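**Q** Take this structure, written in structure tokens, and hold onto it; I'll ask about it next.
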Amino acid sequence: MLKQFLNLKLSQKLSPQQIQLMKLIQLPTQAFEQRLLEEMNENPALETGTDEEEIYDDEFNNDDTNDEFDDYDDNESEDTSDINIDEYLSSDETPDYKTQANNYSDDDEERESPLVAPISFHQDLINQLNTFILDDDEREIAEFLVGSIDDMGYIRRTILDIVDDMAFTQGIYTDEKTVDKMLHIIHELEPSGVGARDLQECLLLQLKHKTPTEYVALAMDIIENQFDAFTKKHYDKLLQKYAVSSDQLKTAIHEIEKLNPKPGGSFTGSNKITEHVVPDFAIRIVDDELVLTLNGRNAPSLHVSKDYQEMMQTYKSSRDKSNAQKDAVQFIKQKLDSAKWFIDAIKQRQETLYVTMNAIMHYQQEYFLEGDETKLKPMILKDIADMVGLDISTISRVANSKYVETPYGTKLIKEFFSEAMKNDQGEEVSTLEIKKILKNTIEEEDKKKPLPDDQLAEILKEKGYPIARRTIAKYREQLDIPVARMRKKI
């Protein structure tokens, strides 16, 4: 039996321009500058600088015939006789987003630091091989081994696999004995420990390169023969095994702790890109008051191209308008509309960033004035969204990717958000506050007898924070703090 139903459904669909605006809001300063550069390359009607007139004006905004989020289709014809040319010509009015304070000015001197072309980690190893006397076959094998080293400095394959791989992919036919011989040469390269197959071998290689002492010898014996006991910190077993004093064992273990478990990661000439964080905001204390500034690189000076203005003026003054001119002015109008939208989007992005960070600053005013992490109040995205009247997703876009420079260091904004828990007085406290107290408690513990999670829970309960042991374990893992056994020291 067939039945018919009438189903009403209300849905909201974002236009492509609105989606682009959301993406702009999400971009941090450096990524935004790259996006700005791409837009200027794509739209010749956009220019940057302060010598030209601004494209932004009230007449342009009040144009009822052009919707802010119009979609353009080259296949659609448009009656160019309806275009009001004056709306696309310059205005003397300066947009208010240009008058807001920022922490960069046009007078700031730009200095470019010379950059040295880096040598990659693997190329450096190849260069070191040139100091060894090798025949052609040996050099090919050695260079293949270098190519098998990962970014951390390890060769994570068996010798047999390497022999087979060289035969199938390079046409190099050899045996395990020869590859093992070349591997010993790789182990002589710097940084020490490179080319190891596992952590145990990596540490042993580094210890063999150290100046021989009784403690280095003890450390080598521990790594070679008691590696499992060492990694599990069974120090009592090691003391009994080697019949040494606690101080002697402590010194030997200190030799091990100074070693680098990731020798490839320490290479200063590595071709890895080190991310340089550019703060999107700055908070400073002036006369006991908080002052917020938005990085001025988020408010570029944009204007319409003078050439495009002149083309519009030429079309306006011409009596006989050819079809070619009409096609040209339609193209110009499209580019100017796109430029106008982009400048409006930049302004809206700037305002969204500022009001969001300003709300966060005032919500966490006590922390920003004192720098005490225990003063951070419980704060979720909805709290800020309600304060500024924006959607939670918008607040999330701002918080997840932006940094703020404070008197206490540069912080990722999302780190200020936390859930609430109640203390023994029934007051709501931030989980960040509890994590800070937990971290301090662990730092102050006796490292010879580190506190297990159940004892940490008891201590925090005595301090007024009744938290279950499993919650302690969760917070400890979030703080990247190992279990008690792994925190043990001699």
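**Q** Give me the accessible area per residue for the stretch 392-490, probe 1.4 Å, as a whole number in Å².
**A** 56
**Q** Calculate, for the stretch 206-266, the solvent-accessible area per residue in square angstrom, rolling a 1.4 angstrom probe over the heavy atoms of the protein chains.
**A** Here the per-residue accessible area is 58 Å².
**Q** Please compute the net charge surrounding Leu290, taking Lys and Arg as +1 and Asp and Glu as -1 over other residues with Cβ under 12 Å from its Cβ.
**A** -4
**Q** Filter Lys208/Lys489; Lys208/Lys241; Lys232/Lys449; Lys414/Lys436; Lys232/Lys448; Lys23/Lys382 down to the pairs with a C-alpha to C-alpha distance above 18 Å, please.
**A** Lys208/Lys489; Lys208/Lys241; Lys23/Lys382
**Q** Please give the FRET efficiency for Asp236 paired with Asn41, using the beta carbon to beta carbon distance and R0 = 56 Å, rounded to the nearest 0.05.
**A** For Asp236 and Asn41, the calculated efficiency is 0.25.
**Q** Still on this structure, I have one more. In whole percent, how big is the carbon plus sulfur part of the accessible area of the stretch 139-275, probe 1.4 Å, protein atoms only?
**A** 50
**Q** Loop-only trypsin sites (Lys or Arg not before Pro) in the stretch 421-457, please: DSSP not H, G, I, E or B, and at most 13 other Cβ atoms within 10 Å.
**A** Counting only loop positions with at most 13 other Cβ atoms within 10 Å, the trypsin sites (Lys or Arg not before Pro) in the stretch 421-457 are Lys447, Lys448.
**Q** For a protection proxy built on the mean count of beta-carbon atoms within 10 angstrom, sort 176-182, 127-133 highest first, please.
**A** Top of the packing list down: 176-182, 127-133.
**Q** Shape verdict for the stretch 153-283, please, from the Cα gyration tensor: rounded (a/c under 1.5), prolate (a/b greater than b/c) or oblate.
**A** Since a/c reaches 1.5 but b/c is at least a/b, the shape of the stretch 153-283 is classed as oblate.
**Q** Another question, if that's okay. Students often check this: by mean Cβ neighbours within 10 Å, which of 360-366, 387-393 ranks highest, and how do the rest follow?
**A** Taking the mean over residues of other Cβ atoms within 10 Å, the ranking is 360-366, 387-393.
**Q** While we're here: How large is the accessible surface per residue of the stretch 119-188, computed with a 1.4 Å probe and reported in Å² as a whole number?
**A** Result: 56 Å² per residue.
The values are calculated or read from the model by the stated rules, or taken from the named source; none is laboratory data. For clarity, every value in this text was computed on a predicted model and none was experimentally measured. Note that we place each Cβ from the backbone using ideal geometry, even for glycine, and neighbour counts take in every protein chain shown. What goes into the accessible areas is simple: the full protein's heavy atoms, side chains included, and nothing from ligands, DNA or RNA. Shrake-Rupley method; radii C 1.70, N 1.55, O 1.52, S 1.80 Å.
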